[in-house]
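Visitor: There's a structure below that I have some questions on.
The values are calculated or read from the model by the stated rules, or taken from the named source; none is laboratory data. Worth saying up front: this structure is predicted, and the values here are computed from it rather than measured. No Cβ is skipped: glycine too gets one built from the backbone with ideal geometry, and neighbour counts run over all protein chains shown.
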Amino acid sequence: MRRSLEILSIMVIALTLLLGMATLYTVKAQMHPMIRYYEVKGQVYSLNWAGYAVPAEEYTVTGVAGSFIVPQITCTKQTTYVALWAGIDGYNDSTVEQAGILAECSGGKAYYSAWYEFYPSPSVTISGFTVKPGDHIYVSVAYLGNGEFNITLIDYTEHETFSTTGSVSGALLSSAECILERPTVAGQLTALANFGTAYFGQDYTDIQGTCYATISGSTKPFGSFNSVTEIVMVTNNGKVLAQPSSLSSDGSSFTVTYIGSR
């Protein structure tokens, strides 16, 4: 009887560990390539992205470094989401190599987490990585060759660092981004969380060399590339949800202002 109880106890512990491991790799909200709505005079309107991208010729973008301040989201009874990230690809192709933070309002409470993604593989929560409003976050994505990427995420406020590598088949290496996104849940675009104003780039975070892209071997601020593109988040009816500011004078920094949830 005692042995049976010991075996049962071991089985329960093992099952608990397995379930815990599964939750580390399950992110309810998923980030995606840009869903383009329309384009007017070089300004792009998207259903899920707001921020800046630097599109380039295929196989020329080999690195991006971004930074942002984790926003304090305002919660009501409505379930809402917002993600901030930096990455490669996704502007005009079907893969994204990225990392960032996710803020969720659920049941009137705010929840924050860090994640990375080698899309089309699902987003992965970074276990044990503490994220709080006001934290200064650094993200870098570097192409290593043969379809492999390195992702590094640092929370300078909490003194935490995470790094991983992964492979993405068919990555075109054709854009770099610093983006605020409304993700999807169960395949549907979510309501955008009220994030107030989000701050991106070295002028706001004091993390130098962000938002910078490495294209054809040259590493420069986004605004130094002629192809840099502003992206405004809108609804299917063209209503603006999130509006980026102009880039700073050094081309590295900008804000995104919350306008509406959906």
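Visitor: Of all residues in the range 75-92, how many are of a type in the set (Ser, Thr, Tyr) and surrounded by 22 or more Cβ atoms within 10 Å (Cβ to Cβ)? Give the steps one after another, and end with the answer.
Guide: Residues of the range 75-92 that are of a type in the set (Ser, Thr, Tyr), as a first pass: 76, 79-81, 91.
If we keep only those that are surrounded by 22 or more Cβ atoms within 10 Å (Cβ to Cβ) too, we end up with 80-81, 91.
Counting residues in the range 75-92 that are of a type in the set (Ser, Thr, Tyr) and surrounded by 22 or more Cβ atoms within 10 Å (Cβ to Cβ) gives 3.
Visitor: Being within 18 Å of Ala142 (Cα to Cα), more than 13 Å from the chain's Cα centre (by Cα) and acidic (Asp, Glu) is the requirement here; does Glu39 meet it?
Guide: Numbers: within 18 Å of Ala142 (Cα to Cα): no; more than 13 Å from the chain's Cα centre (by Cα): yes; acidic (Asp, Glu): yes.
When the stated conditions are applied, Glu39 does not pass them.
Visitor: So if I check each of Glu57, Glu117, which one is over 18 Å from the mean Cα position of the chain (by Cα), modelled with pLDDT of 95 or more and over 19 Å from Ala242 (Cβ atoms)? Steps first, answer last, please.
Guide: Numbers: Glu117 fails: over 18 Å from the mean Cα position of the chain (by Cα).
Only one candidate qualifies: Glu57.
Visitor: Sticking with this one: Taking Ala142 as meeting all but one of (1) over 16 Å from the mean Cα position of the chain (by Cα); (2) part of a strand (DSSP E or B); (3) surrounded by fewer than 21 Cβ atoms within 10 Å (Cβ to Cβ); (4) not acidic (Asp, Glu), write down the number of the exception.
Guide: Unmet for Ala142, out of (1) over 16 Å from the mean Cα position of the chain (by Cα); (2) part of a strand (DSSP E or B); (3) surrounded by fewer than 21 Cβ atoms within 10 Å (Cβ to Cβ); (4) not acidic (Asp, Glu): (1).
Visitor: Being assigned to a loop (DSSP other than H, G, I, E, B), in contact with a strand residue (DSSP E or B) (Cβ under 6 Å, 6 or more places away or on another chain) and either under 25 Å from Ser218 (Cβ atoms) or β-branched (Val, Ile, Thr) (or both) is the filter here; which residues of the range 146-173 pass it? Full working, then the answer.
Guide: Here is the first cut: in the range 146-173, the ones assigned to a loop (DSSP other than H, G, I, E, B) are 146-147, 156-159, 168-173.
Those left that are additionally in contact with a strand residue (DSSP E or B) (Cβ under 6 Å, 6 or more places away or on another chain): 147, 156-157, 168, 173.
The answer is Gly147, Thr157, Val168, Leu173.
Visitor: Assess whether Gly238 counts as being assigned to a loop (DSSP other than H, G, I, E, B) and in contact (Cβ under 8 Å) with a residue 60 or more places away in the chain.
Guide: Details: assigned to a loop (DSSP other than H, G, I, E, B): yes; in contact (Cβ under 8 Å) with a residue 60 or more places away in the chain: yes.
Spelling it out, Gly238 is indeed assigned to a loop (DSSP other than H, G, I, E, B) and in contact (Cβ under 8 Å) with a residue 60 or more places away in the chain.
Visitor: In addition: Go through the range 247-262 and count every residue that is of a type outside the set (A, V, I, L, M, F, W, C) and closer than 11 Å to Pro221 by Cβ.
Guide: 6
Visitor: Can Val124 be described as surrounded by fewer than 22 Cβ atoms within 10 Å (Cβ to Cβ), at pLDDT 95 or above, within 13 Å of the chain's Cα centre (by Cα) and not charged (D, E, K, R)?
Guide: Answer is yes for this residue.
Visitor: Residues being part of a helix (DSSP H, G or I), of a type in the set (Ser, Thr, Tyr) and closer than 24 Å to Leu102 by Cβ: count how many of those fall in the range 179-234. Full working, then the answer.
Guide: First, the residues of the range 179-234 that are part of a helix (DSSP H, G or I): 202-205, 222-224.
Okay, now just the ones that are also of a type in the set (Ser, Thr, Tyr), so 204-205, 224.
Filter again for closer than 24 Å to Leu102 by Cβ, leaving 204-205.
Looking only at that region, the number is 2.
Visitor: Could you tell me how many of the residues in the range 214-235 are of a type in the set (Gly, Ala, Ser) and under 30 Å from Ser261 (Cα atoms)?
Guide: 2
Visitor: Can you name the number of the only condition in (1) surrounded by fewer than 14 Cβ atoms within 10 Å (Cβ to Cβ); (2) within 29 Å of Val44 (Cα to Cα); (3) β-branched (Val, Ile, Thr) that Thr95 fails?
Guide: Only one criterion is unmet by Thr95, namely (1).
Visitor: Looking only at strands (runs of 3 or more DSSP E) that fall completely inside the range 22-83, which ones have 2 or more residues that are at negative phi and without any contact (Cβ under 8 Å) to a residue 12 or more places away in the chain? Explain how you work it out, then say what you get.
Guide: On the way: elements: 36-40, 43-46, 49-55, 61-69.
Where strands (runs of 3 or more DSSP E) fall fully within the range 22-83 and carry at least 2 residues being at negative phi and without any contact (Cβ under 8 Å) to a residue 12 or more places away in the chain, they are 36-40.
Visitor: Name, by its number, the condition in (1) over 18 Å from Tyr204 (Cβ atoms); (2) not in a strand (DSSP E or B) that does not hold for Pro133.
Guide: In the conditions (1) over 18 Å from Tyr204 (Cβ atoms); (2) not in a strand (DSSP E or B), Pro133 misses (1) alone.
Visitor: What tally of residues in the range 241-255 results from selecting those that are surrounded by 18 or more Cβ atoms within 10 Å (Cβ to Cβ), more than 21 Å from Asn92 (Cβ to Cβ) and in contact (Cβ under 8 Å) with a residue 60 or more places away in the chain?
Guide: Residues that pass the stated criteria total 1.
Visitor: Within the range 157-167, take every residue that is surrounded by 14 or more Cβ atoms within 10 Å (Cβ to Cβ) and over 17 Å from the mean Cα position of the chain (by Cα) and give me the one that is nearest to Trp115 (Cα to Cα).
Guide: Within the range 157-167, the subset surrounded by 14 or more Cβ atoms within 10 Å (Cβ to Cβ) is 157-158, 160, 162, 164, 166.
Filter again for over 17 Å from the mean Cα position of the chain (by Cα), leaving 157-158, 160.
Values: Thr157: 17, Glu158: 16, Glu160: 13 Å.
Here the answer is Glu160.
Visitor: Of the conditions (1) surrounded by 20 or more Cβ atoms within 10 Å (Cβ to Cβ); (2) in contact with a Pro (Cβ under 6 Å, 6 or more places away or on another chain), Gln72 clears all except one; give me its number.
Guide: With (1) surrounded by 20 or more Cβ atoms within 10 Å (Cβ to Cβ); (2) in contact with a Pro (Cβ under 6 Å, 6 or more places away or on another chain) applied to Gln72, the lone miss is (1).
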